[in-house]
Ligand code: G3I
C-alpha cells in the first residue's frame, strides 16, 4: 500500500529534524583511556618509546611496552655503527628484532637515524674524498631505508647537525668533506629509498624559540620547503632539565608546523620526572594540530641513558610514577575529559586547520568588534570563558572586554562580534564535542557553526558562521590558559 503523500512528506521532515539534531547534539564525553597509546590515539596521535633490542627478553619491560605504547623507536640499533660497522658490511640483527617486535605487536616504527656525526664508525670519519663520502653516505641511506621500506612511519634522516648555541652546522666529516649540502642530499636519497616514510630532521636544544640553534633549524626547514627539498617533519628531542620545557615550547611547535611540516617530540625525558614539566610538554603538543606524536626515551628509569636522573614515567620496578598520571590525564583531555567546556576556566580557542586562535580584532573593547583568527599569543583578547545559559547552551565571554560573542544574523557567513551580555539566543552556543578537548560551537539562534571563513589559514581571517560540517575550520581546540 502506498502511504498518502502528505504523511510521507511529514515523515521525511521528521527524520531530517532528527538527523540534524543527532548531528548537532553534543556526543557523550568519551570514557578516559587507561593507557598512553590509546589516550593519544583519541586525537590521532601516537605515544611511543625508545626500545633497546637487548631488553626485549625482559618480560616486565615488554609487558609495559606492549600495554602502554603504540610506537617504537630503536634506541641504538638502526644507527650507523650498528648497521654498517665496516664498509659495505651491513648488520641488521638488533634492528630486525625491533622491527619484528613492532610488526608482531601492531606498533608504529620510527627510524633513528640515517646520518649522524655520533655513533659513526671510524672508517667513515676517516674518509677525506668527497666523491667517496658521497657514495658511502648515499649507499648507507639507500641500504638501510630500503630494508625497512614500508615499515617506517618517520625516519630521522639527519640527526643533530647544528652546533649548540649557534645557527650554524657543527663540524663533522659530512659537513667538512661534503659541505652543508649533505643534508639536502641525504633527504633526497632517503625519499627515493622509502617514498612512503615521512622524512624528519631531528635535533636537541631546539625547543626554545629564542635559541640560536632553533633559528638555524627553522631556516633550514623553511629553505627546504621553499625549494621543494623533500622534508615532512621535524623532531624535537626534548631532553629537559627538571624545569621542564621552555616557556616558548608551544610557540616553537606552532612555528615549525606553520612551515608545512609535522612536528614530533622524539626523545622526551625530564630530570626527576616532574609532573608539571611532563604535563606542560604533552599539553603543548596537544595544543598544536600538527604535533602528531610523542616518544619518551625509554620505559623505566633503569632503562634511561640518564638513569641517574630518574627522568622517565616508570620506576625501576616498572611502577607508574606520578608523571605517568599527569601525562595520561593531559592525553585524555586534562581536567576536561571528552572536550566538554568547563565554566569558570579561561581558554584559547585554537582552530584545528590553522593552529590560529580566535581573537577579538585589535583587542578592541568596543561593542561590535569582530571575531577573527590570529597567531596564538598571550593576549587577553584571545582568552574566553564560558557562561552557562542552561539547556546545554553557553555564552562565550572575551576576557579583555567582558563582552560575549554574538552572531549578527541567522544567515551563513554572518559576522560574529562581541556585544554586552544579554543572554539572547544569538549569544548562546551549543558545544559539539569531538573528544580530546576539541569542540565546535553551534549558535542557538541560527543553528550555524562557528567557522573560519573559507578555511583560511591567514592571520586576520574572519570567523563567521556556516552550516555545520564538522570540518577542521569549524573545530577548535580548548587550550586552557
Ligand atoms: O653495547 C655496548 C656494550 O657492549 C659496551 O660494553 C658498553 C661500554 O660503554 O657500551 C655499550 O654501548 C653503549 C650503547 O649506548 C648501548 O647501551 C654505548 O657505549 C653508549 O654510548 C650508547 O649510548 C647511547 C647514546 O645515544 C650514544 O650517543 C644511548 O643508549 C642512547 O640513548 C643515546 O641516544 C641519543 C639519541 O640517539 C640521539 N639524541 C640524544 C640521545 C641521548 O644521548
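The values are calculated or read from the model by the stated rules, or taken from the named source; none is laboratory data. Everything numeric here is computed off the predicted structure, so don't read it as measured data. Virtual Cβ from ideal backbone geometry, glycine too; neighbours counted across all protein chains shown.
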- [ ] Scan the range 218-231 and give yes if some residue there is within 20 Å of residue 50 (Cα to Cα) and away from the ligand (no atom under 16 Å from the Cβ), otherwise no.
- [x] no
- [ ] For the range 107-127, enumerate the residues that are within 16 Å of the ligand (Cβ to nearest atom) and touching a helix residue (DSSP H, G or I) at 6+ places or on another chain (Cβ under 8 Å).
- [x] 109, 111, 114, 115, 116, 117, 119, 120, 121, 124, 125
Task: Answer residue from the range 298-354, given it is more than 16 Å from the ligand (Cβ to nearest atom) and on the phi > 0 side of the Ramachandran plot and is modelled with the highest pLDDT among those - done: 318
Task: Test result for residue 316, in a strand (DSSP E or B) and either in contact with a strand residue (DSSP E or B) (Cβ under 6 Å, 6 or more places away or on another chain) or not assigned by TED's automatic domain parsing to the domain that holds residue 281 (or both) - done: no
Open item on the list: Just to be sure before I move on: is residue 284 crowded, with 24+ Cβ neighbours inside 10 Å, out of contact with any strand residue (DSSP E or B) (no Cβ under 6 Å at 6 or more places or on another chain) and outside the structural domain of residue 475 (by TED's automatic domain parsing) in the structure I sent?
Closed with: yes
TODO: Residues being more than 12 Å from the ligand (Cβ to nearest atom) and touching a strand residue (DSSP E or B) at 6+ places or on another chain (Cβ under 8 Å): count how many of those fall in the range 77-102.
DONE: 5
- [ ] State yes or no: is residue 176 touching a residue at least 24 places away in the same chain (Cβ under 8 Å), away from the ligand (no atom under 16 Å from the Cβ) and surrounded by fewer than 19 Cβ atoms within 10 Å (Cβ to Cβ)?
- [x] no
Open item on the list: So for the range 128-139 (the condition being away from the ligand (no atom under 16 Å from the Cβ), over 30 Å from the mean Cα position of the chain (by Cα), more than 24 Å from residue 263 (Cα to Cα) and crowded, with 22+ Cβ neighbours inside 10 Å), does at least one residue qualify?
Closed with: yes
Open item on the list: Can you name every one of the strands (runs of 3 or more DSSP E) wholly within the range 323-439 that holds 1 or more residues which are more than 20 Å from the chain's Cα centre (by Cα)?
Closed with: 356-360, 371-375, 384-390, 393-398, 404-407, 416-419, 429-435
TODO: Within the range 181-204, identify whether any single residue is in contact with a strand residue (DSSP E or B) (Cβ under 9 Å, 6 or more places away or on another chain) and over 19 Å from residue 155 (Cα atoms), and answer yes or no.
DONE: no
Open item on the list: Tell me whether the range 205-213 contains one or more residues that are modelled with pLDDT of 95 or more, out of contact with any helix residue (DSSP H, G or I) (no Cβ under 6 Å at 6 or more places or on another chain) and part of a helix (DSSP H, G or I).
Closed with: yes
Open item on the list: Being surrounded by fewer than 20 Cβ atoms within 10 Å (Cβ to Cβ), at pLDDT 95 or above and over 23 Å from residue 186 (Cβ atoms) is true for just one of 88, 44, 93. Which residue is that?
Closed with: 93
Task: Extreme residue, nearest to residue 151 (Cα to Cα), among residues of the range 51-61 that are in a helix (DSSP H, G or I) and within 16 Å of the ligand (Cβ to nearest atom) - done: 53
Open item on the list: Which condition from (1) in contact (Cβ under 8 Å) with a residue 24 or more places away in the chain; (2) closer than 24 Å to residue 38 by Cβ is the one that residue 319 breaks?
Closed with: (1)
TODO: Could you tell me which of the residues 64, 72, 141 is in a helix (DSSP H, G or I) and touching a helix residue (DSSP H, G or I) at 6+ places or on another chain (Cβ under 7 Å)?
DONE: 141
Task: Hey, residue 248 at pLDDT 95 or above and surrounded by 18 or more Cβ atoms within 10 Å (Cβ to Cβ) or not - done: no
Open item on the list: Taking the conditions exactly as written (within 16 Å of the ligand (Cβ to nearest atom) and either within 23 Å of residue 317 (Cα to Cα) or at pLDDT below 95 (or both)), does residue 74 satisfy them or not?
Closed with: yes
